[in-house]
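Working notes, beginning with the structure itself.
The values are calculated or read from the model by the stated rules, or taken from the named source; none is laboratory data. All of these numbers come straight from a predicted model, not from anything done at the bench. As a convention, Cβ positions derive from the backbone with ideal geometry for all residues, glycine included, and neighbour counts pool all protein chains shown. Surface areas here come from the heavy atoms of the whole protein model, side chains and all, with no ligands, DNA or RNA. Shrake-Rupley method; radii C 1.70, N 1.55, O 1.52, S 1.80 Å.
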Amino acid sequence: MPSVLVVEDDPSIRQSLIEVLAEHGYAVRSAADGFGALREVTQVPVDAVVLDLGLPDLDGGDALRMIRGISSVPVLVATARDDEAEIIKLLNAGADDYLVKPFSGGQLIARLSAVLRRSGHLPPAHAAHPAQPGQGPRPAPAAEPLRATTVGELAVDPGARTAYLAGRELHLTRREFDLLAFLAHHTGQVVSKRRLLTEVWREPYVDDQTVDVHLSSLRRKLGERAAAPRYLLTVRGVGIKLVAPR
């Protein structure tokens, strides 16, 4: 079964998270502070980390960067901070996804299972059954294979997981790359946020702000702004499309 490290200083919240995860078939370990989390990650490998930011010894962002310095384990950040700039900063620091407190057990399981699927840390046996207590999270729908695509000076290769803009490699987070690759595969087509959540995030009931945050970060790395787009054009009320700049 997949193993998860829960890093949360509040004992009641920590216990609730442990119970929800255990009921859905996860092996759970826990830590109450940042240095405890680092010890756990270095001593026994885990498949994912659920990281609270309000830790007593380290700021969660610092703990995230320290974890990233020693491990590529997927990290799901649990935060009460809903400021877009702060969330983008966390994603750029290596977070794979985030949940804004308060959140439900269902949201936690959905986001965590999606992160594990994308990272390849979710064993097939765990993904083969519906998300029932004592079993695994619900399996992802079959994904359409993505092909290498060139749009203007942007080249995206899903097989190699590389993206270049005018010959310069873009350093994208896992989620940013998945988002860009999907849009590149549908170049010129308007893709709704709901479709992105369904086919990229694999979780159609996650809020649209998740897409907005990642698009904002992706725009910055492409050297553009929503007010002055080049590659990522927003069609108000419909969705987003990737196009070659004119």
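One table, with the values for the structure above:
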read-out	value
From phi via Karplus (6.51, -1.76, 1.60), per-residue ³J(HN,Hα) for the range 45-50 in Hz, x at Gly/Pro	x, 10, 8, 6, 10, 9
Within straight-line cross-link reach of Lys101, lysines at Cα separation under 26 Å, skipping those fewer than 8 residues along the same chain	Lys89, Lys193
Residues whose placed amide H lies under 5 Å from that of Ala78, excluding near-sequence neighbours	Leu51, Asp52, Leu53, Leu99
Total charge dipole magnitude, the chain, about the Cα centre, Cβ charges on Lys, Arg, Asp, Glu only, Debye to nearest 20	1080
Within the chain, percent of DSSP bridges classed antiparallel, to nearest 5	50
Potential lengthening between Ser119 and Ala160 on full extension [0.36 nm per residue; Cα-Cα distance subtracted]	13.3 nm
Cα gyration tensor of the chain - equivalent ellipsoid semi-axes, whole Å, descending	31, 20, 16
Fraction of accessible area attributable to carbon and sulfur, the chain (%, probe 1.4 Å)	52
Farthest positive-ward along the chain dipole, Cα basis, beta-carbon charges - from Gly34, Val44, Leu180	Leu180
Residue-averaged 222 nm ellipticity for the chain, from DSSP H runs of 4+ at -39500 (n - 2.57), nearest 500	-11500 deg cm²/dmol
Proximal charge balance of Asp59 [Cβ under 15 Å; K/R count +1, D/E count -1]	-4
Long-range HN-HN contacts of Leu154 with modeled amide H, under 5 Å	Ala166
Mean Cα-pair separation over length for the chain, i.e. relative contact order, pairs under 8 Å, 6 or more apart, %	14
